[in-house]
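Have a look at the structure below, then the notes.
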Amino acid sequence: MYSIKVTQQFCAAHRLPGIPICENLHGHTWKVEIEIQSPNLPKDRMLFNFSEIKEWMKKMLPDHRYMNEVYPFSSSEFPPTAENIAYWLYNCAAKRYSMVRKVTVWESDTACASYWEE
């Protein structure tokens, strides 16, 4: 099995109403990690070009934004938690990269959430 991981950082603010300490507006330097996996390599011997994935991630990530106002996190049913961001990015990545295995979103050096499908 082969896998690659690409990480990208972005800065964004959010608030999580109803969750003590998190209901106040605050920001993070988020780190997103996308892992792509395959049992085989294509003819060119690369799963994907790292640069191409990084560029796609830059376009997708809401850098320097208030995430509670960014779709799909503008709904109170889908708040911008690390878990929801991982879920949303996984689904976006899976549409573009069929071999996406897992997406991990770090909101600090010591706290992260991941989403993947078995």
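Bear in mind these aren't lab numbers, they're just calculated from the coordinates by the rules spelled out. Quick caveat, the model's predicted, so the values are computed rather than measured. Cβ coordinates were reconstructed from backbone atoms using ideal geometry, including for glycine residues, and neighbour counts include every protein chain displayed.
Some notes on this structure:
- Index of the failed condition, P17 passing every other in (1) surrounded by fewer than 11 Cβ atoms within 10 Å (Cβ to Cβ); (2) farther than 13 Å from K5 by Cα; (3) out of contact with any Asp or Glu (no Cβ under 6 Å at 6 or more places or on another chain): (3)
- Residues in the stretch 54-94 that are more than 14 Å from the chain's Cα centre (by Cα) and of a type in the set (D, E, K, R): R65, E69, E77.
- The stretch 54-70: number of residues that are closer than 18 Å to A94 by Cβ and either basic (K, R) or in a loop (DSSP other than H, G, I, E, B) (or both): 3
- Within the stretch 87-111, being hydrophobic (A, V, I, L, M, F, W, C) and free of Cβ contacts under 8 Å to residues at least 40 places away in the same chain holds for W88, C92, A94, A111.
- The sole residue among M1, M57 that is crowded, with 16+ Cβ neighbours inside 10 Å, out of contact with any Leu (no Cβ under 7 Å at 6 or more places or on another chain) and either of a type in the set (V, I, T) or in contact (Cβ under 8 Å) with a residue 12 or more places away in the chain (or both) is M57.
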